[in-house]
Amino acid sequence: RNMADPRAERTFLAVKPDGVQRGLVGEIISRFEKRGYKLGSRQIRLVVEPVKILIFFLQPSKDLLHNHYAELSSKPFFPGLIEYMSSGPVFAMVWEGTDVVSVGRKMLGATNPRESPIGTIRGDFAIDVGRNICHGSDSVGTAEREIALWFTPDEVVSYGLAQKKWIY
Ligand code: RTP
Ligand code: MG
């Protein structure tokens, strides 16, 4: 926790395979950036070591997804969810800032895009619950678990936000 901002949090966000295929990575990053949040997972590998681009832009294994969605394993839609999420590359990210877990969920919208308000990411870009284009952690505890699952500690970075005084 950040002493200067006791409400500072981290969340795990991922653009799902359909969001990647539909070219919505930039749109989703852009919305979080413009809101005032900062990307907290390393980008340098993407630029300096293209071979390691898979750290951020990876086709998740079914093992990883079984772990990630463990609490849903008894649901009837679980096999389809694993098929969908492992069907192509996912853009995985950590975002940081005040209340980013709960505000991030509001920015994503409801699980079912048809019940998602206009102006949310799912409400603007999706219509099917099984193709809802992005993931966001549902609590601070879940975020910690998911970040540790998808990233190693050295891939998660924290740095000062230069324009902080204009946002907070
Ligand atoms: P996510 O974890 O992917 O961010 O989505 P969420 O919290 O809004 O919803 P969750 O309950 O965690 O469900 C995970 C994903 O499973 C698919 N799903 N399908 N009734 C259905 O067919 C159904 N319900 C959930 C969705 O892709 C959902 O995002
Ligand atoms: Mg969830």
**Request:** Name, by its number, the condition in (1) surrounded by fewer than 12 Cβ atoms within 10 Å (Cβ to Cβ); (2) among the small types (Gly, Ala, Ser); (3) at pLDDT below 95 that does not hold for Gly119.
**Result:** (3)
**Prompt:** If you take the residues in the stretch 68-101 that are assigned to a helix (DSSP H, G or I) and away from ligand 2 (no atom under 13 Å from the Cβ), which one is modelled with the lowest pLDDT?
**Reply:** Val100
**Complete:** Of the residues in the stretch 20-67, those that are at pLDDT below 50 and not basic (Lys, Arg) come to Gln43, Ile44, Leu46, Val47, Val48, Glu49, Pro50, Val51, Ile53, Leu54, Ile55
**Item:** Count - residues of the stretch 106-122 that are more than 23 Å from Gln21 (Cβ to Cβ) and either among the hydroxyl-bearing types (Ser, Thr, Tyr) or in contact (Cβ under 8 Å) with a residue 12 or more places away in the chain (or both)
**Value:** 1
**Asked** Restricted to the stretch 140-157, and to residues that are crowded, with 19+ Cβ neighbours inside 10 Å and among the aliphatic types (A, V, I, L, M), which residue is nearest to Val101 (Cα to Cα)?
**Response** Ala143
**Message:** If a residue must be within 10 Å of ligand 1 (Cβ to nearest atom), more than 19 Å from Val101 (Cβ to Cβ) and touching a strand residue (DSSP E or B) at 6+ places or on another chain (Cβ under 8 Å), how many such residues does the stretch 111-132 contain?
**Reply:** 1
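Answer yes or no as to whether Ala148 is in contact with a strand residue (DSSP E or B) (Cβ under 7 Å, 6 or more places away or on another chain), farther than 19 Å from Val25 by Cα and at pLDDT 90 or above.
no
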**Prompt:** Got at least one residue in the stretch 140-149 being within 15 Å of His68 (Cα to Cα), in contact (Cβ under 8 Å) with a residue 60 or more places away in the chain and in a strand (DSSP E or B)?
**Reply:** no
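The values are calculated or read from the model by the stated rules, or taken from the named source; none is laboratory data. This is a predicted model, so every value here is computed, not measured. Note that each Cβ is placed from the backbone with ideal geometry, even for glycine, and that neighbours are counted across all protein chains shown.
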